[in-house]
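Read through the structure below, which is laid out as structure tokens, and then see the notes.
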């Protein structure tokens, strides 16, 4: 008996959810949060093996390199799904929307899209912000240790290892960010390190912690600010306030 391939509501719903959840892996490089949590995903439409996604940002003048990176990463994670045959990702309401969308459609890459304006590769940009994300995650776990134990001083953080950390969300986030920049997860490895995994000297710990805290506060502040801008620009947006 010959069967006809059809897209049932159940399949469509399932694939829509898969597509949306795949976008959880796409992170705003500057804010270190998924574009799904930030409210940057305007729509996801699925028709059999075709997926079309529209993204939107808090302002029309968000940095073009950040915008391209998020749009390109979105196309990559959707293309990687086993059932997608044709993926369209478009950025709406940005001053470089036409240029970015054309580059994505042609798979031209970042340099092919921006040509002479692409001074640095996306890899350099990505690594810079991955290191900042690691720094912020590192500060979060160490500050939690200080708050949990008033007898512990900042200098004492010099001896803290991965094995000393509690099994909580902050530690899990730190381990993910360590993995991204190529650092290990061994229990005996120091927590307060530079991006190469080298521990800072004991007498530099208070300074390094303050610098890391500044990085974390900057990231969180920018994320909060961008959420506010997005809600102002698109009143229908439903995103967490913090």
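The values are calculated or read from the model by the stated rules, or taken from the named source; none is laboratory data. What you see is a predicted model; the values in this text were computed from it and never measured. Virtual Cβ from ideal backbone geometry, glycine too; neighbours counted across all protein chains shown.
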Return the total of residues in the stretch 9-30 being in contact with a helix residue (DSSP H, G or I) (Cβ under 8 Å, 6 or more places away or on another chain) and at pLDDT below 95. 2
Looking only at the stretch 47-92, which residues are assigned to a loop (DSSP other than H, G, I, E, B), more than 20 Å from residue 21 (Cα to Cα) and touching a strand residue (DSSP E or B) at 6+ places or on another chain (Cβ under 9 Å)? 92
Taking the stated definitions as given, is residue 126 over 23 Å from residue 44 (Cα atoms) and modelled with pLDDT of 95 or more? no
Of the conditions (1) in the same structural domain as residue 19 (by TED's automatic domain parsing); (2) buried (at least 21 other Cβ atoms within 10 Å of the Cβ); (3) within 21 Å of the chain's Cα centre (by Cα); (4) part of a helix (DSSP H, G or I), residue 137 fails just one. Which one is it? (1)
